[in-house]
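The values are calculated or read from the model by the stated rules, or taken from the named source; none is laboratory data. If you're wondering where the values come from, they're calculated on a predicted model, not measured in any experiment. Every residue, glycine among them, receives a Cβ derived from its backbone with ideal geometry; neighbour counts consider all protein chains shown. The protein model used for the area step is the full one, side chains on, heavy atoms only, and it has no ligands, DNA or RNA in it. Shrake-Rupley method; radii C 1.70, N 1.55, O 1.52, S 1.80 Å.
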Amino acid sequence: MIEIDEVSKQFQTKKGTVTALQDVTLNIERGQIFGIVGYSGAGKSTLIRLINKLEKPTSGRIIVDGENITTLKPQLLRKRRQNIGMIFQQFNLFKAKTVADNIKYPLKLTKKYSQAELDQRVDELLQFVGLSDKKHDYPAQLSGGQKQRIGIARALATNPEILLCDEATSALDPETTDEILRLLKRINQELNITIVLITHEMEVVKTICDEVAVMEQGRIVEQNKVFDLFTNP
Ligand code: ADP
Ligand code: ADP
């Protein structure tokens with residue numbers, strides 16, 4: 001589903017060249033919940049931003065669904081992005097928009113849906129995340145866990161095959177974290193969505209991931225099925 005092939009990424013800064021990723025090769029199979037763990041600065045966000053094409057690799061290739069996305073034309077790229085949803089540590093909801101309008105936002109960008117279709121899709125998504133009663137609220141009226149549920153509903157609006165999660169539970173307390181992880185598991189199993197999640201918390205990986213890659217200083221230092229990783233002596 002996602003092949004990352006010998007990818008390196010360097011940033012030019014005033015202080016010189018920063019290597020965020022060095023020769024990263026990963027194969028993320030369809031249907032998995034794939035975890036990427038590592039300390040702050042290891043290169044996790046850069047890797048996930050490359051998958052979402054928010055950044056370009058300095059070298060190497062990224063292949064999503066059999067297609068090399070590193071050479072896609074901007075117009076096609078916009079289309080392919082609808083196939084990838086993303087959720088964030090700080091939820092990134094639009095504060096001045098209602099819950100319904102937050103969820104509609106990515107759908108409106110596609111210019112494909114009538115008002116009635118938009119409303120119907122919002123209702124379906126709110127029902128799926130269990131927040132139908134919050135439709136007309138603003139983000140400031142919601143708890144952290146509720147905000148993330150809305151972030152998830154927005155990320156799923158375009159029916160993506162892939163969901164990227166950037167420290168999606170790091171701002172939440174343990175109980176709310178468990179709720180969100182259960183929701184992610186449902187998304188993986190009921191909607192058949194491949195999930196890539198980055199986290200600095202091994203506990204998150206243990207709870208829901210099928211496979212995990214460990215990053216250090218821009219490199220993958222270990223990759224394993226989660227079962228093997230925690231049962232080996
Ligand atoms: P993580 O998500 O694991 O905390 P990042 O991918 O954010 O790691 O960062 C990896 C390295 O790349 C760090 O040294 C960081 O400072 C650097 N880096 C990330 N983004 C940029 C950028 N836009 N400009 C310069 N350096 C960056
Ligand atoms: P407001 O002005 O209503 O407070 P902003 O437009 O400033 O809202 O955006 C709120 C948050 O949404 C910001 O954290 C921003 O990074 C994030 N954001 C902006 N554009 C997008 C997008 N296309 N998809 C997801 N999040 C976005």
Long-range amide H partners of Cys165 with built H, under 5 Å: Ile87, Val196, Leu197, Ile198
Antiparallel %, DSSP beta bridges [both residues in the chain], to 5: 55
Glu6 accessible area, assembled protein chains, probe 1.4 Å, Å²: 100
Cα→Cβ-extended label distance, 7 Å offset, between Lys111 and Arg78, nm: 0.7
Charged-residue dipole, Cβ positions (Lys, Arg, Asp, Glu), the chain about Cα centre, Debye nearest 20: 1240
Extension reserve of the Glu190-Thr19 stretch, reckoned as 0.36 nm per residue once the Cα distance is removed: 57.7 nm
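Divide by every residue of the chain the summed helix terms, -39500 (n - 2.57) for each DSSP H run of at least 4, and state the resulting mean residue ellipticity at 222 nm, rounded to the nearest 500 deg cm²/dmol. Provide the component values of the computation, followed by the final result.
Details: 8 runs with 86 residues, N = 233.
About -11000 deg cm²/dmol.
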Estimated vicinal HN-Hα couplings, Hz - segment 64-73 in sequence order (Karplus 6.51, -1.76, 1.60; Gly, Pro = x): 10, 6, x, 10, 6, 7, 6, 10, 6, 6
Per-peptide average of other Cβ atoms within 10 Å, ordering 26-34, 169-177 highest first: 26-34, 169-177
From phi via Karplus (6.51, -1.76, 1.60), per-residue ³J(HN,Hα) for segment 199-209 in Hz, x at Gly/Pro: 7, 9, 9, 4, 4, 4, 4, 4, 5, 10, 7
Ellipsoid equivalent to segment 148-198 - semi-axes via the Cα gyration tensor, in Å: 18, 11, 10
For segment 135-177 and segment 1-78, distance of Cα centres in Å: 23
Three-way shape label, segment 1-77, alpha-carbon gyration tensor, a/c 1.5: oblate
Cut-off 19 Å (backbone N to label point 7 Å along Cα→Cβ of Gln90), residues of segment 161-192: 165-173
Within straight-line cross-link reach of Lys112, lysines at Cα separation under 24 Å, skipping those fewer than 8 residues along the same chain: Lys53, Lys73, Lys79, Lys97, Lys104, Lys135
Long-range tail of P(r) for the chain (Cα pairs > 24 Å, %): 46
³J(HN,Hα) computed for each position of segment 18-26 - Karplus, 6.51 cos²θ - 1.76 cosθ + 1.60, integer Hz, glycine/proline x: 10, 8, 8, 9, 10, 6, 8, 10, 8
Mean Cβ neighbour count within 10 Å, used as a protection proxy, ranking 55-66, 7-18, 78-89, 155-166 highest first: 155-166, 78-89, 55-66, 7-18
